[in-house]
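A quick write-up on the structure given underneath.
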Amino acid sequence: MRGSRSGTLPLPPDAGVARTQRGDWKTIREILPYLFEWRGRIAAALACLIAAKVANVGVPLILKEIVDGLDRTQALLLVPLALLVAYGALRLSTTFFTELREFLFAKVTQRAVRAIALRTFRHLHALSLRFHLARQTGGLTRDVERGQRGISTLISFTLFSVLPTRVEISLVSAVLIVKYDWTFIAITLTALALYVAFTVAITEWRTGFRRTANELDSRANTRAIDSLLNYETVKYFGNEEWEARRYDESLRRWESAAVKSQTSLSLLNVGQSAIIAIAVTLIMWRATAGVVAGTMTVGDLVLVNAFMIQLYIPLNFLGVLYREIKQAIADMERLFALIDEHAEVRDPPGAPALVVRGGEVRFERVAFAYEHDRPILHDVSFTIPAGRNVAVVGPSGSGKSTLARLLFRFYDVNGGRVAIDGQDVRGVGQSSVRAAIGIVPQDTVLFNDTIEYNIAYGRPGASREEIVEAARLARIHDFVESLPQGYATPVGERGLKLSGGEKQRVAIARAILKRPAILVFDEATSALDSANEKAIQAELAAIARDHTTLTIAHRLSTIVDADEILVLEGGRIVERGAHAALLAADGRYATMWRLQRDEAARETARAPAGGSDRPPAVADPEGPGTVPA
């Protein structure tokens with residue numbers, strides 16, 4: 001192992017785990033609207049619940065009569081058959097009504113989980129690009145997964161464990177009050193109060209360990225997912241052990257919190273058992289004394305003992321129940337925190353759909369900054385007339401791609417406005433704006449599905465013939481047909497089974513299939529070889545002929561035919577005009593042109609006989625020298 005990698009791994013700045021505190025009741029109230037849709041089922045399930053508990057409490061009462069019937073001092077030689085039948089019927093009824101309750105409520109629970117999961121998924125897509133650029137995918141997916149599981153736990157335990165326990169305790173308490181002296185109910189209620197108080201106090205203390213474990217679990221998962229997504233980079237630098245140590249550092253801290261949570265459970269269980277054992281012993285002592293004194297029968301002793309066992313089970317479960325509910329709420333906090341996340345870009349109430357007449361795009365004195373102290377665009381104004389092509393060039397960081405993001409309304413401008421056919425994009429529905437625009441991005445990321453699926457994503461529901469035609473125009477059809485699985489070929493995670501050029505051609509086919517009124521080409525051919533680039537440029541020019549087109553380019557030779565070229569530098573337009581006019585002006589654009597021409601000439605000179613992977617040199621139609629194709 002390299003010496004520079006020894007020592008303790010650096011902890012993230014927020015080593016003191018951040019925790020989300022929403023309040024238990026607020027979290028529980030979030031679920032209620034999803035249950036109201038199923039009022040009938042819930043009412044029927046609750047009726048079954050009560051019937052099951054009444055039957056369960058009835059079993060010891062029948063058992064008392066049976067035992068007393070066997071006592072010769074009661075002068076009963078035979079147990080009436082009706083008592084035995086009633087005993088069996090009550091036993092069966094307990095199970096029957098419990099299972100019927102589960103049958104009725106199963107759809108309620110799963111539908112609520114489904115509805116909340118779908119709401120979360122839609123909300124995540126509604127959040128701004130700023131949120132998604134800052135997110136940690138592994139931790140986010142783990143938060144959603146745990147939250148969904150917590151919803152199911154909370155619904156089931158709250159409705160079908162808390163309420164049954166209260167019903168059973170109430171019924172048993174009523175019988176004890178009616179049939180026996182006050183000491184029985186006093187012992188029972190005192191034990192219950194101590195049990196609940198002890199359980200709540202210890203569980204509240206333990207919940208902090210659970211929240212910490214959740215946070216650290218999400219962080220460990222984030223590191224694992226991030227490392228696996230960057231598998232090639234890890235291999236390039238031989239950093240497998242480094243990644244394993246970073247992951248283990250997160251796991252070590254999670255292990256410590258999880259161990260505290262688990263060991264504190266032992267204290268809870270021992271305390272609960274001690275309270276129950278003392279209470280049951282006292283109750284049995286009073287019942288035994290009553291039998292000896294002749295104030296109670298042997299059947300009464302059996303009844304009280306059976307009641308104590310029935311109380312012991314729900315009381316013991318009450319501790320588990322409270323613990324699980326608290327843990328479920330802790331798990332749900334982060335899920336609902338995601339739902340509460342503010343959507344930075346929102347449609348105004350009743351926003352109409354964008355009406356596209358020709359597709360004119362206008363930036364009017366646009367100012368924008370991702371962060372308040374770091375402005376990106378300053379007073380940018382230009383117009384792309386309907387059906388025309390305007391190209392934007394400039395150094396990295398000048399704000400070229402920001403123009404496309406503002407046009408798509410991934411962000412709202414800080415000043416000025418962006419308009420399509422005279423309509424401010426902030427005043428119309430986001431979905432209608434994006435439906436009118438197609439893009440071929442520089443960094444193409446594909447879904448882990450087939451080539452056909454990724455092309456069809458441009459217009460779900462397109463026919464196979466339309467997909468193939470789009471692939472032909474993007475010059476990828478022949479390549480796809482040469483594959484053993486053809487259009488059914490999987491592209492892998494993020495499309496990594498395809499080369500950069502193949503992915504870019506899929507993106508071009510996808511944009512063609514969408515048939516938008518406005519096209520955005522963001523370095524659309526940067527990953528293609530020169531032969532395909534020249535061919536596709538011709539196709540893109542034909543496609544763009546009837547579309548309003550914004551072309552973002554680094555390679556200047558790709559935009560010489562643009563109707564207007566904007567030179568962006570430092571967030572400002574420093575030059576504008578057609579290619580020939582900008583060269584004649586001998587300004588910033590002309591300097592960039594000469595630099596690229598000289599670089600291409602040097603690459604051509606260095607290339608070995610037989611060709612180069614750089615574009616070949618072609619004659620400059622506007623002046624002497626050569627330029628990259």
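Figures for the structure shown
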read-out: Two-site FRET efficiency, Thr190 against Glu37, from Cβ-Cβ distance with R₀ of 45 Å, rounded to 0.05; value: 0.60
read-out: Ordering of 297-304, 253-260 by packing [mean C-beta count within 10 Å, highest first]; value: 297-304, 253-260
read-out: His579 accessible area, assembled protein chains, probe 1.4 Å, Å²; value: 10 Å²
read-out: Peptide ranges 276-282, 177-183 listed from the most packed, as the mean C-beta count within 10 angstrom indicates; value: 276-282, 177-183
read-out: Förster-model FRET efficiency, 35 Å R0, Asp373 and Ala542, C-beta, rounded to 0.05; value: 0.20
read-out: Cβ crowding within 10 Å averaged over residues, with 184-194, 466-476 ranked highest first; value: 466-476, 184-194
read-out: Formal net charge of residues neighbouring Ala47 (Cβ-Cβ distance under 12 Å; K, R +1; D, E -1); value: +3
read-out: Whether the range 285-405 is rounded, prolate or oblate, judged on the alpha carbon gyration tensor where a/c under 1.5 counts as rounded; value: prolate
read-out: D_trans [Stokes-Einstein, Kirkwood Rh over alpha-carbon pairs] for the range 362-480, 20 °C, 1.002 mPa s, µm² s⁻¹; value: 128 µm²/s
read-out: P(r) tail fraction, the range 444-523 - alpha-carbon pairs more than 21 Å apart, %; value: 17 percent
read-out: Whether the range 344-432 is rounded, prolate or oblate, judged on the alpha carbon gyration tensor where a/c under 1.5 counts as rounded; value: oblate
read-out: The range 344-404 - percent of accessible surface contributed by carbon and sulfur, probe 1.4 Å; value: 48 percent
read-out: For the range 540-585: Kirkwood Rh in Å [reciprocal of mean 1/r, alpha carbons]; value: 11.6 Å
read-out: Potential lengthening between Thr281 and Arg357 on full extension [0.36 nm per residue; Cα-Cα distance subtracted]; value: 18.8 nm
read-out: Cα shape, the range 350-389, gyration tensor, a/c 1.5 rule; value: oblate
read-out: Rounded accessible area per residue of the range 297-438, 1.4 Å, Å²; value: 40 Å²
read-out: Potential extension, Thr288-Arg91 segment - 0.36 nm per residue separation minus Cα distance; value: 68.2 nm
read-out: R0 of 41 Å, Cβ-Cβ distance Leu84-Ile177: FRET efficiency to nearest 0.05; value: 0.90
read-out: Net length gained if the chain between Val200 and Ala117 were fully extended (0.36 nm per residue, minus Cα distance); value: 26.9 nm
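The values are calculated or read from the model by the stated rules, or taken from the named source; none is laboratory data. What you are looking at is a predicted structure, and each value in this text was computed from that prediction instead of being measured. Methodologically, a virtual Cβ is constructed for each residue, glycine included, from the backbone with ideal geometry; neighbour enumeration extends over all protein chains shown. Calculation scope for accessible area: heavy atoms of the full protein, side chains included, ligands and nucleic acids excluded. Shrake-Rupley method; radii C 1.70, N 1.55, O 1.52, S 1.80 Å.
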